[in-house]
Amino acid sequence: MWPVAIFLMLVVAFYWFAFMATIWWCFNALMALWAGHYIRAAIWGCLGFGMLCWWQGSDVIPDPWDFDKWLKGSAWVVGLGALATFARFYNRHRRATQTVPPFEPAPSEPAPMVLNINIELSPHADRRAVHDALAALASALRGAIGTEQGPRRIPGPTIN
């Protein structure tokens, strides 16, 4: 009796995890598409679509040619997602290079700067005061380097 029960529990667990994976992959595809991550959305979408096709299949053991067709179709979809991602980053880089002015040359001789650092780090120190002191130190170091703010960085990969 126990071997039959264990076998039935394993079969039910397999189908339960397959059903949950289908839902999870389709949800991840939608969320990645919404966030603009086209390659991830294509991968998750292909996995979710493959599972939906598996659930709709009439054969107990799928035909190998069906898997081959799905794999080729998935490769095309992921390739289109990669092209969409490339186009997005190319347009972002093109717009950023049009709006950012060229860098100004640094002054020939920097002004001397004296920093007096006195920060109390003890268990009884006020955290807000330590934070303010560190923020003032960072601001002073930024001024010592010669720029108030570093060059504008475009998040994500860029083409130089």
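Here the condition is being surrounded by 10 or more Cβ atoms within 10 Å (Cβ to Cβ), under 18 Å from the mean Cα position of the chain (by Cα) and part of a helix (DSSP H, G or I); of 96, 84, 13, 18, it holds for 84 alone. Of all residues in segment 44-55, those that are more than 13 Å from residue 66 (Cα to Cα) have Cβ atoms under 6 Å from Cβ atoms of residues that are open to solvent by 60 Å² or more (accessible area, probe 1.4 Å), 6 or more apart or on another chain, in 44/25; 46/77; 47/25; 48/25.
Out of 70, 65, one residue alone is of a type in the set (Phe, Trp, Tyr), under 29 Å from the mean Cα position of the chain (by Cα) and at pLDDT 60 or above. It is 70. Right, residue 30: assigned to a helix (DSSP H, G or I), within 26 Å of the chain's Cα centre (by Cα) and of a type in the set (A, V, I, L, M, F, W, C) or not? It is true that residue 30 is assigned to a helix (DSSP H, G or I), within 26 Å of the chain's Cα centre (by Cα) and of a type in the set (A, V, I, L, M, F, W, C). Being β-branched (Val, Ile, Thr) and on the phi > 0 side of the Ramachandran plot is the filter here; which residues of segment 13-56 pass it? Those that are β-branched (Val, Ile, Thr) and on the phi > 0 side of the Ramachandran plot: none in segment 13-56.
The values are calculated or read from the model by the stated rules, or taken from the named source; none is laboratory data. Bear in mind the structure is a predicted one, so any value in this text is a computation, not a measurement. Cβ: placed from backbone, ideal geometry, glycine included. Neighbour counts: every protein chain shown. For accessibility, only protein heavy atoms count, side chains too; no ligands or nucleic acids. Shrake-Rupley method; radii C 1.70, N 1.55, O 1.52, S 1.80 Å.
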